[in-house]
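Engineer: The structure under discussion is supplied below as structure tokens; questions concerning it will follow.
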Amino acid sequence: MDKETVLIVDDEKEIRDLVEIYLKNEGYNTLKAETGVDALNILEHTTVDLIVLDIMMPKMDGIQACMKIREEKNMPIIMLSAKSQDMDKINGLITGADDYMTKPFNPLELMARIKSQLRRYKRLNVQHYNDVDVIEVDDLFINIATHEVKIDGIEVKLTPREFDILELLARNRGMVFSIEKIYERVWKEEFLESDNTVMVHIRKIREKIEKDSRKPKYIKTVWGVGYKIEN
């Protein structure tokens with residue numbers, strides 16, 4: 001079984017290298033980033049299981065980076081900070097961090113917290129891992145492996161693009177995706193402002209899965225923002 005991958009984000013090379021040594025000694029795979037911007041770039045194309053994220057960094061600090069990461073991803077984040085005030089800790093946790101350590105820290109304690117967070121994350125997501133090929137939202141049934149979609153037990157036929165859009169929204173229930181984000185995630189190309197391709201596809205999906213496409217039950221419009229499938 002492959003070991004988890006931990007992303008270390010800190011503008012201090014000594015910290016990055018120190019944490020990497022301890023992680024590798026425990027058998028983890030590691031990635032390193034010097035800034036929050038670098039970390040976001042890595043997360044665009046690499047699967048990461050946990051992030052060790054420094055707060056005080058140039059360009060984009062850890063709080064900003066954490067907020068951006070939480071827009072799309074839910075892996076554990078442990079924040080590091082040279083500040084020890086309670087308010088800094090509260091701010092870090094409010095923005096989506098799972099744990100917080102103050103510099104200087106004991107590397108062995110950090111390893112213990114990393115292991116704890118990964119165990120907790122796996123336990124909370126075990127149902128997701130087991131049912132990853134099947135998504136159900138009320139009477140909507142989606143089989144990822146077979147590209148089968150059913151409403152009230154009746155199969156509906158979607159094109160590959162329509163299926164990919166539906167899968168994206170269904171996998172991330174409650175999350176709002178802009179037209180631009182949907183296009184870039186599904187078509188894997190840069191979005192052009194005048195392109196109405198996504199809206200056309202959403203309309204076609206609704207015609208196939210909604211009893212009344214004018215009052216959609218599944219794919220909701222968040223005006224001025226984008227689309228979502230609710231929890």
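What follows is calculated from the coordinates using simple rules that are stated; it is not laboratory data. Here the structure is a predicted model, which is why all the values come from computation and not from measurement. Neighbour counts run over all protein chains shown; Cβ positions are idealised from the backbone, glycine included.
Engineer: Between M199 and N74, how high is the FRET efficiency from 1/(1 + (r/R0)^6) when r is the Cβ-Cβ distance and R₀ = 30 Å? Nearest 0.05.
Structural biologist: E between M199 and N74, to the nearest 0.05, is 0.60.
Engineer: Something else now. For the chain, which DSSP H helices look membrane-span-like by this rule: Cα extent along the axis of 20 Å or more and mean Kyte-Doolittle of at least -1.0?
Structural biologist: 107-124
Engineer: Could you check the spin-label model distance between E210 and D152? Points 7 Å from the Cα along Cα→Cβ, value in nm.
Structural biologist: 1.7 nm
Engineer: For R161 and E26, calculate 0.36 nm times their separation in residues minus their Cα-Cα distance, and state this gained length in nm to one decimal.
Structural biologist: Gain on stretching R161 to E26: 44.4 nm.
Engineer: Below 8 Å, C-alpha to C-alpha, sequence gap of six or more: please give me the relative contact order for the chain in percent.
Structural biologist: 12 percent
Engineer: Among the lysines, which have Cα under 17 Å from the Cα of K150 when same-chain residues fewer than 8 positions away are ignored?
Structural biologist: List returned: K204, K208, K211, K217.
Engineer: Shifting gears a bit: Please get the size of the charge dipole for the stretch 132-229, origin at its Cα centre, with Cβ charges of +1 on Lys and Arg and -1 on Asp and Glu, quoted in debye to the nearest 20.
Structural biologist: Computed about the Cα centre, the dipole is about 340 debye.
Engineer: Relative to 2.2 N^0.38 Å, what does the C-alpha radius of gyration of the chain come to as a ratio? Two decimals please.
Structural biologist: For the chain, the normalised Cα radius of gyration is 1.17.
Engineer: Something else: If you take every DSSP beta bridge whose two residues both sit in the chain, what share of them, in percent to the nearest 5, is antiparallel?
Structural biologist: 50 percent
Engineer: Calculate, in nm to one decimal, what F191 and E14 gain on full extension: separation in residues at 0.36 nm each, minus their alpha carbon distance.
Structural biologist: So the chain would gain 59.8 nm between F191 and E14.
Engineer: Which of L23, L18 has the fewest other C-beta atoms within 10 Å, and how do the rest follow up to the most?
Structural biologist: Fewest to most other Cβ atoms nearby, the residues stand as L18, L23.
Engineer: In terms of the Cα gyration tensor, with a ≥ b ≥ c the square roots of its eigenvalues, is the stretch 1-49 rounded because a/c is under 1.5, prolate because a/b exceeds b/c, or oblate?
Structural biologist: Here the stretch 1-49 falls in the oblate category.
Engineer: Let me ask something else. Under the rule a/c < 1.5 gives rounded, and otherwise a/b versus b/c splits prolate from oblate, where does the stretch 5-128 land using the Cα gyration tensor?
Structural biologist: Rounded is the answer for the stretch 5-128, as its axis ratio a/c remains below 1.5.
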